[in-house]
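Here the structure comes first, spelled out in structure tokens, and everything after it is commentary.
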Amino acid sequence: MALRFLTAGDSHGDSLIGIIEGLPAGIRLSPREIRRDLLRRSRVYGRGARQKVEGDHVEILSGLWKGRTTGAPVALRIPNRGRTGGGGLSTAPRPGHADLAGCLKYGLLEVPPVSERASARGTAMRTAVGAVARAVLNPLSVVLVSHVRSIGEVDADPGRVPIEHIRRRADRSPVRSADGRAARRMMEAIRTAEQGGYSLGGSAEVIAAGVPPGLGSHVEWDRKLDARLAGALMSIPSVKVVEIGDGLETHRWPGPEAQDVITVERGHIRRPTNFAGGIEGGISNGREIVVRVYAKPIPTSRKTLPTVNLRTLKSRRSPYVRSDVCVVPAIAVIAEAVTAWELLGAFLEKFGGDHIDETVRNLRGYTAALAKRNRR
Ligand SMILES: Cc1cc2nc3c(=O)[nH]c(=O)nc-3n(C[C@H](O)[C@H](O)[C@H](O)COP(=O)(O)O)c2cc1C
């Protein structure tokens, strides 16, 4: 059975629920570990007042025996503490949200049945599910990091540093930037936007190291790893572009310069560059997986926009409810979680294993065979 998960819950409902099926047995899971990622998502600069209310505590309701997965479905619950403040939306769809299209689709005159479920509050559960995926990827030696590359007009350039440095710097930065100077300018831009009553978009990067060659497949369109990552990352609210490797740069270059050449050094195959972001033909090639997401500025801000009352069809301004100003640092963490989940799915397809020890054995056997072949 393939790895899968389902979520339920609304922005201002009792709680968010997630059910994960297909995890190998033997993985140590704790609410504390999952909460660490939830706090990385919520305690960043630019978020609104709700994040101060939400403690993002998570409960693991099933699927564990003595703290380790059993192979049975793992059910997670995140209580919603910030349940007030969702009113005032009733019949006026907000431009840039699912509100109008959702009301048309489901035959509604009131927005909450759509907005409650479409809300990015649901990304808390996506992050929790990703934290579980990361716990499985740990013994498989996969390391994931995320950092913010731009906010509004401010670009970050962390330079060519090991991903451990990127992770450490990003985790310490209120805007998840691995470039200290840019981080200060990003925070200034967010402050200015907040004072001016508008929101800011930006971009974030996820890097996954330790991914062996051979995840995903070229043989069918829906098995391609890049396609699967792109689809999943695009589902993050407000993400409008997904870039694999340096795609937004290389599409302008002459063809031969845009490829990662294959060289041999002392009998070992090498790929000196990684423009492809670790994926060629839909298959991981053994280099770091690099994906980037670009998010629009979120729709709600104090500068209200023209909309309509769905009951009277009279024009009005969109309602203002408490809102974030810039969610790009949060999106970096969510994208990291989403990437972890997709990579885990591809890992388990290739290496299987009802118990994590079996998965690890299968991975080791495969990498040993590859190393032998490389030495020929
Ligand atoms: C973590 C996170 C928090 C968000 N918070 C808000 C918010 O407070 N106000 C808002 O208008 N949009 C917010 N958004 C963006 C909207 O959820 C998103 O733009 C909307 O659902 C429409 O989806 P689309 O932009 O992908 O089409 C947030 C997005 C994320 C990822």
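Annotations
- When the chain is treated as a Gaussian network with alpha carbon springs shorter than 10 Å, the biggest mean-square fluctuation among V325, V161, V239 belongs to V161.
- Shape category assigned to the stretch 94-162 from the gyration tensor of Cα positions, a/c cut at 1.5: oblate
- Pairwise centroid distance, computed over Cα atoms, of the stretch 117-133 with the stretch 274-311, Å: 16 Å
- Dimensionless Rg/Rh of the stretch 330-376 - Kirkwood Rh, Rg from C-alpha atoms: 1.16
- Reach of K224 by Cα under 19 Å, taken over lysines that are not fewer than 8 positions away in the same chain: K350
- Contour excess over end-to-end distance, with Cα ends at E153 and R43 and 0.36 nm allotted per residue: 37.3 nm
- Sequence ranges 220-227, 101-108, ranked by mean other-Cβ count within 10 angstrom, highest first: 220-227, 101-108
- Antiparallel DSSP beta bridges within the chain, percent to nearest 5: 95 percent
- Mean residue ellipticity (222 nm) of the chain, computed from DSSP H runs ≥ 4 via -39,500 (n - 2.57), nearest 500: -11000 deg cm²/dmol
- Estimated at the nearest 10 Å², the accessible area of H218 is 120 Å² with a 1.4 Å probe.
- Over the stretch 267-376, the hull volume per residue, using the convex hull of the C-alpha atoms, is 200 Å³.
- Cα centroid separation - the stretch 330-362 against the stretch 96-116, whole Å: 34 Å
- Ignoring aspartates and glutamates fewer than eight residues from K303 along the same chain, the ones with Cα atoms less than 17 angstrom from its Cα are E194, D324.
- Packing-based ranking, highest mean first, of 279-289, 331-341, 118-128, 356-366 given that Cβ atoms within 10 Å are counted: 331-341, 118-128, 279-289, 356-366
- Note on the stretch 161-291: Cα-only Rg and Dmax are 17.7, 60 Å.
- Portion, in percent, of the accessible area of the stretch 164-314 that falls on carbon or sulfur, probe 1.4 Å: 54 percent
- Prolate/oblate/rounded call for the stretch 3-48, Cα gyration tensor, a/c under 1.5 rounded: oblate
- On Cα atoms only, tilt of 356-375 relative to the major axis of the chain in degrees: 50 degrees
- Potential lengthening between H218 and R317 on full extension [0.36 nm per residue; Cα-Cα distance subtracted]: 30.7 nm
- Calculated P(r) tail over 32 Å for the chain, as whole % of Cα pairs: 36 percent
- Helix 328-351 axis, angle to the chain major axis (alpha carbon atoms, nearest 10°): 40 degrees
- Nearest-10 value in Å² for the accessible area of H165, using the 1.4 Å probe: 70 Å²
- Trypsin sites (Lys or Arg not before Pro) restricted to DSSP loop in the stretch 153-200 with at most 13 other C-beta within 10 Å: R160
- Dividing the convex hull volume of the alpha-carbon atoms in the stretch 51-191 by its residue count gives 184 Å³ per residue.
The values are calculated or read from the model by the stated rules, or taken from the named source; none is laboratory data. Just so it is clear, the model here is predicted, and its values are computed rather than measured. Ideal geometry is used to build each Cβ from the backbone, glycine not excepted, and the neighbour counts take in all protein chains shown. With ligands, DNA and RNA removed, areas are computed over all heavy atoms of the protein, side chains included. Shrake-Rupley method; radii C 1.70, N 1.55, O 1.52, S 1.80 Å.
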